[in-house]
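Below is one structure, written out as structure tokens, with a few remarks after it.
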């Protein structure tokens, strides 16, 4: 059964382009689009996570040169291991569609607001110890496993507060989303929560958008204003999903 119109396929391409340009997977957009298209909530996380793998892998191929692996090895190892533990826990949580949609709506609102005020966050002088960041990664991992959202936006803000150089953040996030999404998909596959008839038609549009977006982003041609508009769209998606799940 085909849940998507040609316009929705275009939106998948557009979201992949925008989010990959800043090293993110776009899972929040994918889940929102699928939920409005009537996709059973059982398959939402796995489909989104698979698409996140494609987007984040392509983004990583462009941003990996900016990561200081030598000096950040211990930090990155802890961040990714804790996030992976969160993903495993998230995939084991079973909720009914109504509760799933309430959680999804709230998380979409939260992440979109964080992203909208990202530039304001960068200007704040508030700082946290970088050793705290992996624990936020654990929370983001649970979100990824439960909802199919990579959690990169949340970790991005925490990295900013930790004083991480801005040029490194997209690379760190691309690995973060890649690991969470890959293993989250595997965990869901083992539990029988995967429908390849949903995944395969979307693959071409997401790969194409990701290649173009990560290329533009790596050359500093980030579509900032388009990203802001898309964040407002995600915010409206979250409000609509939360409102309809409460009524």
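Take the Kirkwood radius over Cα pairs of the chain, plug it into Stokes-Einstein at 25 °C and 0.890 mPa s, and you get 140 µm²/s for translational diffusion.
Ordering of 165-171, 116-122 by packing is 165-171, 116-122, highest average first (other Cβ atoms within 10 Å, averaged per residue).
Pairs of Cα atoms nearer than 8 Å and 6+ residues apart set the relative contact order; for the chain it is 40 percent. What residue among 210, 28, 131 shows peak mean-square fluctuation when the chain is described by a Gaussian network model with Cα springs under 10 Å? Comparing 210, 28, 131 in a Gaussian network model of the chain, the most mobile one is 131.
Relative to the longest principal axis of the Cα atoms of the chain, helix 224-246 runs at roughly 50 degrees. Per residue, the average separation of C-alpha pairs within less than 8 Å and at least 6 apart gives the range 140-221 a relative contact order of 25 percent.
When the helices of the chain are scored as -39500 (n - 2.57) per DSSP H run of n ≥ 4 and the total is divided over every residue, the value at 222 nm lands at -25500 deg cm²/dmol. Highest average first, the peptides 139-149, 196-206, 35-45 ordered by how many other beta carbon atoms sit within 10 Å of their residues are 139-149, 35-45, 196-206.
The order of the peptides 54-65, 73-84 by mean Cβ neighbours within 10 Å, most packed first, is 54-65, 73-84.
All of the numbers you see were taken from the coordinates with simple rules; none came from a lab. Since the structure is predicted, the reported quantities are computational estimates derived from the model, not experimental observations. Positions of Cβ are generated from backbone atoms using ideal geometry, with glycine treated the same way; all protein chains shown enter the neighbour counts.
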